[in-house]
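Written out below as structure tokens is the structure these notes cover.
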Amino acid sequence: MNRLFGKGKPKEPPPNLSDCVSNVDSRAESIDKKIARLDGELRKYKDQMSKMRDGPGKNAVKQRALRVLKQKKQYEAQAENLRNQSFNMEQVNYSTQMLKDTKTTVNAMKVGVKEMKKEFKNVNIDQIEDLQDDLADMLEDANEVQEALGRSYGMPDVDEDELEAELDALGDEIALDEDSSYLDDAISAPSVPGREPGADSVATNKDGIEVDEFGLPKIPAQ
């Protein structure tokens with residue numbers, strides 16, 4: 001049959017946006033190289049014109065420069081057109097890929113919800129509530145056991161008012177114990193006389209005041 005009717009051509013794969021973008025970008029880069037070459041020619045012509053006098057020779061160089069400049073403008077328009085095409089295809093490629101990713105995400109979520117429903121069937125809410133109630137009862141019993149073990153025995157019954165009065169009195173006693181004002185009198189007591197009692201010389205304290213044999217200030221005679 002193939003000999004009679006011939007064999008059909010194999011079906012070509014559909015165009016790939018990524019390949020198309022790469023192809024267009026390659027063409028744009030090729031045009032950019034041509035534009036760079038024309039820029040070099042324009043600089044050369046401009047340098048020549050700056051060194052020439054007005055006349056036919058300078059006009060001929062000027063015409064060649066204008067022709068090169070016109071080609072450059074055409075190449076620049078082509079490069080800009082190719083870049084716009086590349087950008088549009090990239091946008092389409094991005095949107096297509098985003099839609100594919102969204103579809104994959106949605107499918108994954110559907111599978112997740114399905115698995116969740118399947119596992120949720122194995123969970124009994126009533127059993128969980130009963131378990132929580134049993135746990136609360138056990139904790140309450142454990143607290144009662146701890147309170148029973150920590151109970152005090154043989155403690156006398158004391159009136160709260162008496163305890164407060166005793167606490168206040170204890171505070172006053174502590175304040176008296178901490179009072180060190182009596183030390184001031186000891187510090188200001190007369191100093192020990194510098195000489196023994198009955199000595200011929202006059203005994204004085206550290207302030208130069210005469211003292212008797214007991215170290216007490218002498219009362220001046222009237």
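The values are calculated or read from the model by the stated rules, or taken from the named source; none is laboratory data. Bear in mind that the values here come from a model prediction, so they are computed numbers and not experimental data. Counting neighbours? That spans all protein chains shown, and the Cβs are built from the backbone with ideal geometry, glycine included. The accessibility values were calculated without ligands, DNA or RNA, using every heavy atom of the protein model including side chains. Shrake-Rupley method; radii C 1.70, N 1.55, O 1.52, S 1.80 Å.
I'd like the full set of residues that are over 50 Å from the mean Cα position of the chain (by Cα), under 12 Å from residue 69 (Cα atoms) and open to solvent by less than 100 Å² (accessible area, probe 1.4 Å), limited to the stretch 36-54. Within the stretch 36-54, 38, 39, 40, 41, 42, 45 qualify.
Candidates 86, 95: the one that is closer than 21 Å to residue 35 by Cβ and among the hydroxyl-bearing types (Ser, Thr, Tyr) is 86.
Based on this model, can you work out whether residue 123 counts as open to solvent by less than 80 Å² (accessible area, probe 1.4 Å) and closer than 22 Å to residue 21 by Cβ? So residue 123 fails the test. Residue count for the stretch 16-29 satisfying the condition of being open to solvent by less than 60 Å² (accessible area, probe 1.4 Å), within 13 Å of residue 83 (Cβ to Cβ) and either out of contact with any helix residue (DSSP H, G or I) (no Cβ under 9 Å at 6 or more places or on another chain) or aliphatic (A, V, I, L, M) (or both): 3. Going by what's in this entry, would residue 93 be described as out of contact with any strand residue (DSSP E or B) (no Cβ under 6 Å at 6 or more places or on another chain), touching a residue at least 24 places away in the same chain (Cβ under 8 Å), more than 20 Å from residue 44 (Cα to Cα) and open to solvent by less than 90 Å² (accessible area, probe 1.4 Å)? Against the criterion (out of contact with any strand residue (DSSP E or B) (no Cβ under 6 Å at 6 or more places or on another chain), touching a residue at least 24 places away in the same chain (Cβ under 8 Å), more than 20 Å from residue 44 (Cα to Cα) and open to solvent by less than 90 Å² (accessible area, probe 1.4 Å)), residue 93 qualifies. Determine if the stretch 75-84 includes at least one residue that is open to solvent by 100 Å² or more (accessible area, probe 1.4 Å), out of contact with any Gly (no Cβ under 8 Å at 6 or more places or on another chain) and within 30 Å of residue 22 (Cα to Cα). Yes. Of the candidates 11, 100, the single residue that is exposed (fewer than 12 other Cβ atoms within 10 Å of the Cβ), out of contact with any Gly (no Cβ under 9 Å at 6 or more places or on another chain) and at pLDDT 90 or above is 100. What are the residues in the stretch 16-32 that are closer than 14 Å to residue 96 by Cβ, in a helix (DSSP H, G or I) and polar (S, T, N, Q), if any? Across the stretch 16-32, the qualifying residue is only 18. Evaluated against (1) part of a helix (DSSP H, G or I); (2) farther than 30 Å from residue 29 by Cα, residue 123 falls short on exactly one condition, (1). All conditions but one from (1) exposed (fewer than 10 other Cβ atoms within 10 Å of the Cβ); (2) in contact with a Lys or Arg (Cβ under 7 Å, 6 or more places away or on another chain) apply to residue 151; the one that does not is (2).
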